[in-house]
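Visitor: Have a look at the structure that comes next, please.
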Amino acid sequence: MRKTLLAAVLLVGTAWSGVVRAEEETVVSPGGKTFLKVALDEGRLTYTAGYCTDGEDGAAREVVMLEKSPLGLVANFGDLSRGLSWKEASTADRDIRYDLERSKASRVDKKARTLTVRVANAQKQEMEVEFVVEDCNIAFRYNLPKQGETGSVRVMSEATGFRFPVGTTTFLSPQSDAMIGWKRTKPSYEEEYKPDAPMDAPSQYGHGYTFPGLFRVGTDGWVLVSETGVDSRYCGSRLGECRDGLYPLEFPMPEENNGNGTVEPAFALPGSTPWRTLTLAPDLAPIVETTIPWDVVEPRFTTSHKYKFGRGTWSWILWQDGSINYDDQVRFIDLASAMGYEYTLIDNWWDNNIGRERMGDLIRYARSKGVELFLWYSSSGYWNDIEQGPVNLMCDPIARKQEMRWLQQQGVKGIKVDFFGGDKQETMRLYEAILSDADDCGLMVIFHGCTLPRGWERMYPNYVGSEAVLASENLVFNQHFCDNEAFNACLHPFIRNTVGCMEFGGTVLNKRLNKGNDGGTTRVTTDIFELATAVAFQNPVQNFALTPNNLTDVPAFEVDFMKAVPTTWDETRFIDGYPGRYVVLARRHGQDWYVAALNAQEETVRLTVELPLPAGAVVDYYHDGKDGRTPTLEEKKVGKGGKFKLTLPSGGGAVIRAVEAMSE
Ligand code: CA
C-alpha cells in the first residue's frame, strides 16, 4: 500500500485555538470520473464531491453535485466536530473484488482510490475519516482509535451532512412518527415518496427522511445518498429536515422501539461508524447499477450451510389471514409445486390456526411435493401491540434458539420475522442476533415491517430479503395504492431496490385483489406490467402474489414466464427511464437476458432502446397488444446495434427475454 504524506496548504487566520491551518486534499476516482475534496475550514472538516467532464473548450471541468458539507462527530469523551487540526492525509489504491450471489451483479471487480484524513481536537483526541472513491461512488466512515484508557465510545451526534446546489429536487420517503400505524408498529420504511419535490418543503411528519434518498441536481445529474455496513455496532440513521440545502444525518427518534433503547449508538474502540454512500453522475445508469452498498462491507460470519434462493408462493398476500389453515396452505404448496417454485411462505397465526403438531404434517407434505417452507414470526416483544402469533419468541434469545432448533428438526428452511421497532442500535442488535442464531440452524431470514437492509446481502450468508417499502399488501388494503402501483414501481429501481434487496411480494395476476378474484380492490396495471415487475424488482427469494386460479385463468405463456423467471442476477444494466415515470432495465442470469419495461405515465411511451443483444437475435417479446390491454407474446428480432422498439401504454409494460443469447 502506498502512503503519502501530503503537503498542506497553509492559511493564517484566527480562531479559538489560535492559528488555523486550512488544509485540503482532493482525490479523483481511478477512471477519472468522480472527484472528492476534503478540507479543514476554521477547525471544521468538510467534503465536496462531483464529477469530471469535458468542458466546451475541451478542458476538464468539475461539476459540483454535493456542495461543501460537514463531517465530524461528537463523542461522549470529546467533540470531534470542531476545533480540529489536520494531522495527516494518506491515499492508496484499492481493488474491490468479491462475489455477490444474491443481488443484481454476481461478480464485482473494480478499482477505487482511498483517502484517509486524520484530525485531532484541542484535547489531542483523534479521529480518522476514511473515504473510498470509485467512479460514480463515494463511501466514507469515521474510525476512532482507542483514546488513552478509554476503550469505548458513545456517539452523541454526528455533524455529517449532505448539501445540494440550489434548484436541486428530491425523491424522498418521509420518516413516520414512531409508535403509530397498525398495532403501533411504525416506523417501517413504508411511507410514500414525493417525486421532484423542492428541497425546502418540510417532510410529512417533520422527522426528515429515510435512506436512500435520490436528488436531481437540475440538469447536471443525480445523487443517491444512503448508508451501508450497519450492524449490531451502530444504529440506522436518516436524513433530517433540510435547512438551506443541507440535510443533516440524524439518529433514531427517542420514541422508537416503544421508547426502549438509547438513541445514541456505542461501540468498542478502536472502532468505526457505518459507511455513508453517495452515487453521483450526470445520468441514471450508475444509480441503477451501483454496488456501493456491498463494495465496502465484509461478511460478518461464514456459514456451513448452502442456502438456495428462489421463488415462493404466499397465500396471505391476496387471501389474507383467513387462508392460514391447513387446506389453503396445501393449495399454495401445490401451486408452488406446479410452478416449480422452491418455497411456500406460511404467514401469521399458523401456530394458532394450524397448530404445531399439524404443522409437522404440513411440512412433510410440502417436502413430499419438493417444496420447502418459510414460517412467519412477530419480532415482538415489548415494542408494539402485535397479537398475531407466534409472538415473543424472536425477541428472547433463549426462546429463539429453542424455536429455531424445532424449526430445523421439522425441516423448515426459513423464517419471516415481522414488525420491528425502528432503527435504534438495540433493534440492529436484534436483526443480527436473529440472523446469527438462524444460521446455526440452517435457516434463511426475511424481514418485514423493518428497516432498510444496509449491505446485508454480503454481510450475512442467510439473509434473503427485507420489505422496507410500501409493498404489495397495500394493493389489497386500499385502492389508492392500486392507482399508484405503476408510479411506485417506477421509483424502486432507482431508489429503494438499488441499494438493497426488496421483498415486495409482487406480480399480481388477479384482476381483483381478493380470494375469489371478484371483489376488493381492482388492479389497474396490465398483466405484462406485472410480469415485468418480477424482473424489475429484485429479491433473492421472491414470494410472488400468484394464486391457484392463475394456473388456469391467465394465458399459459404468463404462467410459463413466471415458472422461468430467476430472482438473482449476474449483471444489471439501466437502459432508459425517469424515476416515477418509466423505466427500462436489463438483467442477465447466466446466458439469459431479461429486459423489463414499466410505464407509469398517463400517455403511451414509445421508445427505441438499445439492448445488450446482437443484431438478429431472436427474442420473446411480451407486450400489451395493439389495444394496450391484451397480453401478447411474439418472437421478434433485435435490430442493428441492438435497437428494439417498445410501446408502453399507461400502466403497461414489456418484457424481452433472450434465452442463451450472446451479450453485446
Ligand atoms: Ca408491511
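Since every read-out is calculated from the coordinates, none of them should be taken as a lab result. What you are looking at is a predicted structure, and each value in this text was computed from that prediction instead of being measured. Note that each Cβ is placed from the backbone with ideal geometry, even for glycine, and that neighbours are counted across all protein chains shown.
Visitor: Would you please give the residues with an amide H less than 5 Å from that of G161, counting only those at least 5 places away or on a separate chain, with H modeled from the backbone geometry?
Guide: Long-range HN contacts for G161: L249.
Visitor: Let me ask you something else. Of K110/K645; K511/K640; K306/K563; K68/K124, which ones are farther than 29 Å apart at the Cα?
Guide: Flagged as over cut-off: K110/K645; K511/K640.
Visitor: When DSSP beta bridges are limited to those with both residues in the chain, what percentage is antiparallel, rounded to the nearest 5?
Guide: Percentage antiparallel, nearest 5: 85.
Visitor: Let me spell out the model: positive unit charges on the Cβ of Lys and Arg, negative unit charges on the Cβ of Asp and Glu, origin at the Cα centre of the chain. What dipole size does that give, in debye rounded to 20?
Guide: Numbers: 71 positive and 90 negative charges, 212 e Å.
That gives a dipole near 1020 debye.
Visitor: Give the average over all directions of the projected area of the C-alpha convex hull of region 315-355, one decimal, in nm². If you can, show how the numbers build up before the last one.
Guide: Working: hull surface 10.6 nm².
Taking a quarter of the hull surface, the average projection is 2.7 nm².
Visitor: Then there's this: Considering region 32-87, what Rg and Dmax in Å follow from its alpha-carbon atoms?
Guide: When restricted to the Cα atoms of region 32-87, Rg and Dmax are 15.2, 52 Å.
Visitor: Expressed as a whole number of Å, what is the distance separating the alpha-carbon centroids of region 338-408 and region 59-122?
Guide: After rounding, the separation between the Cα centres reads 42 Å.
Visitor: Please report the net charge: other residues with Cβ closer than 11 Å to the Cβ of K424, K and R +1, D and E -1.
Guide: Residues close to K424 contribute a combined charge of -4.
Visitor: Sticking with this one: In whole Hz, what ³J(HN,Hα) sequence does region 269-277 give by Karplus (6.51, -1.76, 1.60; θ = phi - 60°), x for Gly and Pro?
Guide: 9, x, x, 9, 7, x, 8, 9, 10
Visitor: In sequence order, what are the phi-derived ³J(HN,Hα) couplings for region 605-611 according to the Karplus relation 6.51 cos²θ - 1.76 cosθ + 1.60 with θ = phi - 60°, rounded to whole Hz, with x for glycine and proline?
Guide: 9, 10, 10, 10, 9, 9, 8
Visitor: Please turn the phi angles of region 97-107 into ³J(HN,Hα) values with the Karplus equation 6.51 cos²θ - 1.76 cosθ + 1.60 (θ = phi - 60°), one per residue in order, whole Hz, x for glycine and proline.
Guide: 9, 6, 9, 10, 7, 9, 9, 8, 8, 8, 9
Visitor: Assuming a strict under-21 Å limit between Cα atoms, what lysine pair count do you get for region 318-431 once near-sequence pairs (fewer than 8 apart, same chain) are dropped? Spell out each step's value before the answer.
Guide: Working: K369/K413; K401/K413; K401/K416; K416/K424.
Qualifying lysine pairs in region 318-431: 4.
Visitor: Post the alpha-carbon centroid distance, region 255-322 to region 160-211, in whole angstrom.
Guide: Using only Cα atoms to place each centre, the spacing works out to 19 Å.
Visitor: Let me ask something else. Remind me, relative contact order of the chain in percent, using alpha carbon pairs under 8 angstrom and six or more residues apart?
Guide: Value for the chain: 11 percent.
Visitor: Over the chain, what lengths in whole Å, largest first, do the semi-axes of the equivalent ellipsoid take, defined as the square roots of 5 times the eigenvalues of the alpha-carbon gyration tensor?
Guide: 42, 31, 21
Visitor: Counting helices only, and only those DSSP H runs with n ≥ 4, report the 222 nm mean residue ellipticity of the chain as the sum of -39,500 (n - 2.57) divided by its residues, in deg cm²/dmol to the nearest 500.
Guide: -4500 deg cm²/dmol
Visitor: Considering only DSSP states other than H, G, I, E and B, which chymotrypsin sites (Phe, Trp or Tyr not before Pro) in region 138-241 qualify as loop sites with at most 16 other Cβ atoms within 10 Å? Display every interim value, and only then the final one.
Guide: Working: sites: F140, Y142, F162, F171, W182, Y189, Y193, Y205, Y209, F215, W222, Y234; in loops: Y189, Y193, Y205, Y234.
Sparse-neighbourhood loop chymotrypsin sites (Phe, Trp or Tyr not before Pro): none present.
Visitor: I've got another one for you. P(r) of region 457-501 in 5 Å steps, Cα pairs, percent per bin?
Guide: 5, 19, 25, 20, 15, 9, 5, 2
Visitor: At a Cα cut-off below 22 Å, give the lysines reachable from K111, other chains included and same-chain residues fewer than 8 away excluded.
Guide: Within the straight-line cut-off, K111 pairs with K3, K33, K37.
Visitor: Hey, another quick one. How much of the calculated P(r) for region 2-295 lies past 30 Å, in percent of all Cα pairs? Kindly include the intermediate steps, with their values, before the conclusion.
Guide: Details: 14249 of 43071 pairs.
When every Cα pair of region 2-295 is considered, 33 percent fall beyond 30 Å.
Visitor: Rg and Dmax of region 33-189 over Cα atoms: what are they, in angstrom?
Guide: So, for region 33-189, Rg and Dmax equal 19.2, 61 Å respectively.
Visitor: While we're here: Can you pull out the chymotrypsin sites (Phe, Trp or Tyr not before Pro) in region 47-120 that DSSP calls coil and that have at most 16 other Cβ atoms within 10 Å?
Guide: When the chymotrypsin sites (Phe, Trp or Tyr not before Pro) of region 47-120 are filtered for loop state and at most 16 Cβ neighbours within 10 Å, nothing remains.
Visitor: Further, regarding this structure: Could you bin all the Cα-Cα distances of region 22-64 into 5 Å bins starting at 0 and give me the percent of pairs in each, rounded to whole numbers?
Guide: That works out to 6, 23, 24, 19, 14, 9, 3, 1, in percent per bin.
Visitor: Compute the convex hull volume of the Cα atoms of region 183-248, divide it by the residue count, and report the result per residue in Å³ as a whole number.
Guide: Spread over its residues, the Cα hull of region 183-248 gives 113 Å³ apiece.
Visitor: Going through region 600-664, which trypsin sites (Lys or Arg not before Pro) have at most 15 other Cβ atoms within 10 Å and a DSSP loop state?
Guide: Qualifying residues, ordered by number: K626, R629.
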